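Inspection log for the structure reproduced underneath, given as structure tokens.
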């Protein structure tokens, strides 16, 4: 019964008390009597944790399970253990939004343009920025039609360092994303740039850009998207956690949502387990300090 009262207390500011009491099958008099008792320090702390989790779950953090939620709570000044957070999430059915199952879609590489070998498979893991960039194109449905999004990701920090959006799949889409990445990062010679075998990445326009900067091309094996699994994962996170499976009204709305999702959520705030549950920006800032 106490658990029900705590749950009502955490949600009282957002819903009518009569509705909450009916939903949790408790009487208003019983709830008022419980409120008049002095709660223990542990109960107060749990109620505060629960309230903060409820607030977070109204945003992109709805995707967080107990490990990421624990780090987020600690960062907001709530000391807690992962076991405690997991217990509260179980007790109050605060489940993380499950991502859609990844179904790989292979790229049509039926063209006669030059294909680079999969050099990424032979590389050691990067130990600093601008050593390995990954590329890919994804498709976002809108009521206006498909919006195509080219992305560039720094494998070391998982940061999306370049992106471009358009209603076409011409080579200048991926070139624009690479140019944005270069404007931000100023990568030197020897950078490995990995992609699939799509015609946009094998085009003369893209190859000329790589050659001009002294970058090295690498491409996945035919029909094997798992060779670029990190990029596929980032795309899945953006679609699930930013668009939430919705269909924007038009390209302008989709661009606005994706811009905020990339720059304000994915790069700035999203906690990555591979980065010690830091965001890409926080991870890079820590590296620069050292």
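The values are calculated or read from the model by the stated rules, or taken from the named source; none is laboratory data. Please read all numbers here as calculations on a predicted model, not as lab measurements. Ideal geometry is used to build each Cβ from the backbone, glycine not excepted, and the neighbour counts take in all protein chains shown.
Restricting attention to segment 150-173, which residues are closer than 20 Å to residue 199 by Cβ and assigned to a loop (DSSP other than H, G, I, E, B)?
Step one: of segment 150-173, the residues closer than 20 Å to residue 199 by Cβ are 150-152, 162-173.
Selection gives 167, 168, 169, 170.
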Look at segment 212-252 and say how many of its residues are exposed (fewer than 14 other Cβ atoms within 10 Å of the Cβ) and within 12 Å of the chain's Cα centre (by Cα). 1
Given the condition at pLDDT below 80, within 21 Å of the chain's Cα centre (by Cα) and under 29 Å from residue 276 (Cβ atoms), answer yes or no: does some residue in segment 63-83 qualify? yes
What helices (runs of 4 or more DSSP H), lying completely within segment 185-267, carry at least 1 residues that are within 22 Å of residue 126 (Cβ to Cβ)? 199-202, 204-213, 229-238
Residue 194 meets each of (1) surrounded by 16 or more Cβ atoms within 10 Å (Cβ to Cβ); (2) more than 20 Å from residue 139 (Cα to Cα) with one exception, condition (2)
Count of segment 110-149 residues which are in contact (Cβ under 8 Å) with a residue 40 or more places away in the chain, outside any loop (DSSP other than H, G, I, E, B) and either closer than 24 Å to residue 272 by Cα or in contact with a helix residue (DSSP H, G or I) (Cβ under 7 Å, 6 or more places away or on another chain) (or both): 12
Look at segment 25-46 and say how many of its residues are part of a helix (DSSP H, G or I), modelled with pLDDT under 85, touching a helix residue (DSSP H, G or I) at 6+ places or on another chain (Cβ under 8 Å) and surrounded by fewer than 17 Cβ atoms within 10 Å (Cβ to Cβ). 2
